[in-house]
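Step one of this worksheet: look at the structure below.
Each reported figure results from applying straightforward, stated rules to the coordinates on display, with no laboratory input. Quick caveat: nothing in here was measured; it's all calculated off a predicted structure. Cβ coordinates were reconstructed from backbone atoms using ideal geometry, including for glycine residues, and neighbour counts include every protein chain displayed.
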Ligand SMILES: C[S@@+](CC[C@H](N)C(=O)[O-])C[C@H]1O[C@@H](n2cnc3c(N)ncnc32)[C@H](O)[C@@H]1O
């Protein structure tokens, strides 16, 4: 069980490994490094805004990828990971709209930017392990109406080394035109994810 008494801070939180059970085929289970509650809240809020493209940074075993596909079957999903992870079970249970890409997203030549240039409404979901770096590299390419999801979110994460005008991810995102999507469960249930909308 997650110890909810601990502050949201990815240095302090234990790793969660929970099976995502396919809603279409309950015999299919894929381990996710995230909680079911966090997953369901995030997908409910994302589904309300119906992105047509999801770019996931750090797919791991692909459990959350499958969850996003089942929640938004019409969306194209481009999921990246630096490791070559066996994804046969997931691949057998998703449509051709889902692609897994073996790539280092922190490398400036990564294909991530190509996908973020699509004009359709997008969700960029950052879960590769270095949120500060991912957000700094890619949030600026999102357009008005697009969403940014960040897992293992911590308001304390400083971006001051990279951007002198901002002292945290929060102030950096506000500075470049994002507004935090408020939902009481994020705070009250100490969810690990947060969602931002590009409004300006
Ligand atoms: C926390 S896990 C992802 C968990 C997954 N999203 C889930 O919900 O189950 C982080 C993943 O990021 C990947 N990763 C770490 N650095 C990366 C990089 N520079 N580029 C792409 N993927 C990276 C790791 O290999 C790992 O699989």
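Listed values, structure above:
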read-out: DSSP bridge orientation in the chain - percent antiparallel, rounded to nearest 5; value: 35
read-out: Ranked packing of 188-195, 56-63, 85-92, 139-146, most packed first, by mean Cβ within 10 Å; value: 56-63, 188-195, 139-146, 85-92
read-out: Inter-site label distance for residue 99 and residue 36 at 7 Å from Cα along Cβ, in nm; value: 3.3
read-out: Cα centroid of segment 41-59 to Cα centroid of segment 176-200, whole Å; value: 13
read-out: The chain: calculated mean residue ellipticity at 222 nm from DSSP helix runs of at least 4, using -39500 (n - 2.57); value: -6500 deg cm²/dmol
read-out: Extension gain from residue 184 to residue 144, taking 0.36 nm per residue of separation minus the Cα-Cα distance; value: 12.0 nm
read-out: Segment 18-128 shape via C-alpha gyration tensor axes, a/c threshold 1.5; value: oblate
read-out: Relative contact order (%) - criterion: Cα under 8 Å, at least six apart; region: the chain; value: 19
